[in-house]
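Below: the structure, in structure tokens.
The values are calculated or read from the model by the stated rules, or taken from the named source; none is laboratory data. No experiment lies behind these values; they were computed from the predicted model shown. In this analysis, Cβ positions are derived from the backbone assuming ideal geometry, glycine residues included, and neighbour counts consider all displayed protein chains.
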Amino acid sequence: MVKTASTMLPLGTQAPEFCLPNIDGKNVSLSEISTGKGLVVMYICNHCPFVKHVAPELVRVANDYESKGIRFVAISSNDIDKYPDDAPEMMKQEAAQQGYPFPYLYDATQEVAHAYHAACTPDFYVFDASRKLVYRGQLDDSRPGNGKPLNGQDLRHALDLVLRGESIPAEQRPSIGCNIKWKPGKEPAYFDPAGVK
């Protein structure tokens, strides 16, 4: 498996705008998502073993926190020419199979991934009610095959602090996953092929 870490976008960054097609065919924009008390933007895909490993907990976290006012949206930005398993029609099947309760959007140009400095799948970003970045990092310590419990501990803790209006410590552990599959010539300046192992 290819392992890549989050780029750790600076805390306080305003959530970059997007307008992308959902798996139901309708476009979803950042401005259309109700503000709520916070927003989680997740970069995921279908084929990555890291995402497959965490998918059940993504569903549990979203179901647990949506009712508390946290909004969730997932984005896939992979090159579907080289990775057809990540194509929108396959995303729709994957979402149904996993029971994703959140929009699952496709970033065909990869420009939204660039704006978020997304690097891996899964990659997590938590924004507060004013859409300022307060957390970026891992779901928890669990990885495929490491035997650690899949419980969403890090993300859940961040969301609990957001709901209480408390500051999240700036020391945050990056997510680890497969690198986003960039189209030829679309590799962002922050992408370091030497760091992919």
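Things to note:
- For segment 13-22, the criterion of being among the hydrophobic types (A, V, I, L, M, F, W, C), exposed (fewer than 15 other Cβ atoms within 10 Å of the Cβ) and either outside any strand (DSSP E or B) or over 14 Å from the mean Cα position of the chain (by Cα) (or both) is met by at least one residue.
- Being free of Cβ contacts under 8 Å to residues at least 60 places away in the same chain, surrounded by 12 or more Cβ atoms within 10 Å (Cβ to Cβ) and under 24 Å from residue 17 (Cβ atoms) is a condition met by at least one residue of segment 144-165.
Rundown of residues vs (1) among the hydroxyl-bearing types (Ser, Thr, Tyr); (2) closer than 18 Å to residue 118 by Cβ, yes/no style:
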| site | (1), (2) |
| --- | --- |
| 4 | yes, yes |
| 17 | no, yes |
| 20 | no, yes |
| 26 | no, no |
| 40 | no, yes |
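- Residue in segment 124-140 that is at pLDDT 95 or above and closer than 23 Å to residue 24 by Cα present: yes
- Residue 142 within 13 Å of the chain's Cα centre (by Cα) and of a type in the set (S, T, N, Q): no
- Per-region count, segment 179-194, residues part of a loop (DSSP other than H, G, I, E, B) and loosely packed, with under 10 Cβ neighbours inside 10 Å: 3
- Qualifying positions in segment 26-51 - of a type outside the set (Val, Ile, Thr) and touching a helix residue (DSSP H, G or I) at 6+ places or on another chain (Cβ under 9 Å): 36, 37, 38, 39, 42, 43, 45, 46, 47, 48
- Any hit, segment 25-42, residues being surrounded by 20 or more Cβ atoms within 10 Å (Cβ to Cβ) and outside any strand (DSSP E or B): no
- Residue check, residue 131 basic (Lys, Arg) and more than 12 Å from residue 41 (Cα to Cα): no
- Segment 56-114, residues that are among the β-branched types (Val, Ile, Thr) and under 19 Å from residue 124 (Cα atoms): 59, 61, 70, 73, 75, 112
- Qualifying residue in segment 73-82 (condition: at pLDDT below 95 and among the hydrophobic types (A, V, I, L, M, F, W, C)): no
- Taken over segment 10-33, the criterion of being modelled with pLDDT of 95 or more, closer than 15 Å to residue 75 by Cβ and of a type outside the set (D, E, K, R) is satisfied by 15, 16, 18, 19, 20, 21, 22, 23, 27, 28, 29, 30.
- Listing of strands (runs of 3 or more DSSP E) fully contained in segment 63-178 that carry 3 or more residues being over 27 Å from residue 190 (Cα atoms) and of a type outside the set (Val, Ile, Thr): none
- Conditions (1) in contact (Cβ under 8 Å) with a residue 24 or more places away in the chain; (2) touching a Pro at 6+ places or on another chain (Cβ under 9 Å): number failed by residue 27: (1)
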